[in-house]
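Participant: What follows is a single structure, and I will ask about it in a moment.
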Amino acid sequence: MCVKIWVLNTLHKLLQGADLFNRVIENIRELVSFRNKQKSWFKIEIIFVVNKMNIHQTKQAEAMAKKLGVDSFVLSYRDWE
């Protein structure tokens, strides 16, 4: 399962139009917890879509992914032109 995150909390409403960042993170936490309790095989990956507005948040996003307990964290760079 892949979850794409464009920005961390401070920019989420600006770029997504709604302030649902905390809800998304809580859903990831619940998914990780469910997977661990069920000893399930599925993997959880966060894809952080990097752009000019959030490039300064990449290390923060990686730390958040590690803390959440996902299996992998990927940076995806958008065309900036």
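Participant: Failed condition for K66, given (1) farther than 12 Å from V3 by Cα; (2) at pLDDT below 95, with all others met?
Facilitator: Going through the list (1) farther than 12 Å from V3 by Cα; (2) at pLDDT below 95, K66 breaks only (2).
Here is a yes/no grid of residues against (1) open to solvent by 80 Å² or more (accessible area, probe 1.4 Å); (2) part of a loop (DSSP other than H, G, I, E, B); (3) touching a residue at least 40 places away in the same chain (Cβ under 8 Å); (4) of a type in the set (K, R):
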residue: L31; (1), (2), (3), (4): no, no, no, no
residue: R35; (1), (2), (3), (4): no, no, no, yes
residue: T58; (1), (2), (3), (4): no, no, no, no
residue: E62; (1), (2), (3), (4): yes, no, no, no
residue: K66; (1), (2), (3), (4): yes, no, no, yes
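Participant: Has region 39-54 got any residue that is assigned to a helix (DSSP H, G or I), at pLDDT 90 or above and surrounded by 16 or more Cβ atoms within 10 Å (Cβ to Cβ)?
Facilitator: no
Participant: Select from region 1-16 the residues that are modelled with pLDDT of 65 or more and out of contact with any helix residue (DSSP H, G or I) (no Cβ under 8 Å at 6 or more places or on another chain) and write down the one among them that is nearest to L75 (Cα to Cα).
Facilitator: Of everything passing the filter in region 1-16, K4 is nearest to L75 (Cα to Cα).
Participant: Quick one: is I25 surrounded by 14 or more Cβ atoms within 10 Å (Cβ to Cβ), not polar (S, T, N, Q) and not in a helix (DSSP H, G or I)?
Facilitator: When the stated conditions are applied, I25 does not pass them.
Participant: Can I ask one more? With respect to the numbered conditions (1) of a type outside the set (F, W, Y); (2) under 13 Å from M1 (Cα atoms); (3) under 16 Å from the mean Cα position of the chain (by Cα), which one is the sole condition not fulfilled by S40?
Facilitator: (3)
The values are calculated or read from the model by the stated rules, or taken from the named source; none is laboratory data. If you're wondering where the values come from, they're calculated on a predicted model, not measured in any experiment. Glycine also receives a Cβ, built like all others from the backbone with ideal geometry; neighbour counts cover every protein chain displayed. The protein model used for the area step is the full one, side chains on, heavy atoms only, and it has no ligands, DNA or RNA in it. Shrake-Rupley method; radii C 1.70, N 1.55, O 1.52, S 1.80 Å.
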